[in-house]
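Q: Here you go, one structure.
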Amino acid sequence: MTFDQSLPGQPTPKSVAITENIETVVIHIGLRHRPSMGQPDRTQEAALEEAVGLAEAINLKVVYRQSFALNKISPATLLGKGNVENIQQIIQALAVKLVVMDGTLSPVQQRNLEQAWKCKVIDRTGLILEIFGARARTSEGGLQVELAALKHQRSRLVRSWTHLERQRGGFGFIGGPGETQLELDRRMIDQRIMKLEKELINVTKMRGLHRKARQRQSIPVIALVGYTNAGKSTLFNRLTQSNVFAENLLFATLDPTMRRCEIINPATKGKQEVIFSDTVGFISNLPTQLIAAFRATLEEVCTADLILHVRDAAHPDAKAQAQDVEKILHELNIVDRQPDDAPLIVDVYNKIDLLSAEERFVLLNQVSRRPNAVAISAQNGEGIETLLQWIYNRFQNKGAFVQTLVLKNDEGAALAWCYQQGLVLERYDDETTGQIDLKLFLTASQLDYLRKIIF
């Protein structure tokens, strides 16, 4: 599944399409004097390598790459006239058919660059949409990708191109100026967007029903989140003995996967049943259309009992990547309220097998002093038993507390659930008011679910 991100009526040949092994130039754009604004510092080399990795994720043939550190942005072409001419010579010499701009292009900038370079030009958002279109396997993933692509394409429907200036005749007896082709295209896209959003609402409702069924069984849900290619799917496979596709690729997996498994305590042989959820990887400058389209999927993260933030400890920009993930989690209103007692988010430092002896010693020393951090290697299994032991202890009534709850006589569903889960320590029935006073021993997630039943 691919989506054409180009402008309608573009001067490039219609036969030019994003296919495998097409000759591609990747250009990264950075600013020399970028204000910090709390943004993580990222090296130009690592950012360019990430952009190339995105292109190679859909088998584009990258024949040239370059990073620009600009003093200011050109409103017309983003790069400036001199840089545009230099890239034009490279494009002609290498017979390039596609240019990927690792940044955000306005519709006018995209059109001007396509006219100057006589080839197809897409920005970072368009490239990520192409990757997601190629990776989507389920019907839900297809709906989410198409919705994000249409919202992006709608913003490209600007400028009065020749074929967009034509008007359709009016209806009825009263003639009128009719509807331009631009307005018709935009209306058709809006109609399709509305239909997709309704279908995704049904998907959200279905996920909610499945979530309620899991909560009634009181099985903890553990979500794996992290930067793309941090090793989430590899860790997911090792924890659940599954065979989810995992490769050294950006966005190797897209569709969320959930598996139920048992964690066994090596010392006591006790068992704890949990559900692991593998989610889509995050990335810096993730398009807002994708965050909105994948909100139904990300709800599994919002309602998880525990979040494993998988971090690539061997990556040179590991700190910046972690800040990008934390920013998206903050946008989803996910905040760790109890980092010491019963943490919601646990930092899992992966790929420690790729560290040098000195780097490994420093990281293990730092992790040993933190109650919500574990160092592992999902590839060779090092540290996995420690992680499983930590998860087992986390859900063995750790963080549970005594709570007094008053129920009305018509709240039988909540009362029945409390007895079903074995939470009731004491009960007092007030015959005068008809209220039921309960003393419960439960966890924070069980209390949240109980409040949802009542309210």
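Q: Report the extension gain between Val406 and Asn21 in nm, rounded to one decimal, defined as 0.36 nm multiplied by the number of residues separating them, less their alpha carbon distance.
A: In short, 132.0 nm is gained.
Q: A follow-up question, please. As a quick test, which of the pairs Lys120/Lys198; Lys61/Lys351; Lys271/Lys439; Lys120/Lys151; Lys61/Lys81 have an alpha carbon distance above 30 angstrom in this structure?
A: In this structure, Lys120/Lys198 lie more than 30 Å apart at Cα.
Q: Based on the mean of other beta carbon atoms within 10 Å per residue, what is the order of 258-264, 57-63, most packed first?
A: 57-63, 258-264
Q: Among the aspartates and glutamates, select those whose C-alpha is under 18 Å from the C-alpha of Lys97, and discard any that sit fewer than 8 residues away in the same chain.
A: Qualifying aspartates and glutamates at Cα under 18 Å: Asp4, Glu20, Glu23, Glu56, Glu85, Glu114, Asp123, Glu130.
Q: Run the simple label-point estimate for Asp185 and Ala46 please: 7 Å along Cα→C-beta, distance reported in nm.
A: If labels sit at Asp185 and Ala46, their model points lie 4.0 nm apart.
Q: Sort Tyr64, Tyr449 from largest to smallest accessible area, using a 1.4 Å probe on the heavy atoms of the protein chains.
A: Largest accessible area first, the list is Tyr64, Tyr449.
Q: While we're looking at this one, here's another question. For the range 14-145, what log10 I(q)/I(0) values come out of the Debye formula at q = 0.09, 0.10, 0.15, 0.18 1/Å, with one point per alpha carbon and no solvent?
A: For the requested q values the scattering log ratios are -0.27, -0.33, -0.74, -1.04.
The values are calculated or read from the model by the stated rules, or taken from the named source; none is laboratory data. On a predicted model such as this, the values are computed, not experimentally measured, just so you know. So basically every Cβ, Gly included, is an ideal-geometry build from the backbone, and we count neighbours across all protein chains shown. The accessibility values were calculated without ligands, DNA or RNA, using every heavy atom of the protein model including side chains. Shrake-Rupley method; radii C 1.70, N 1.55, O 1.52, S 1.80 Å.
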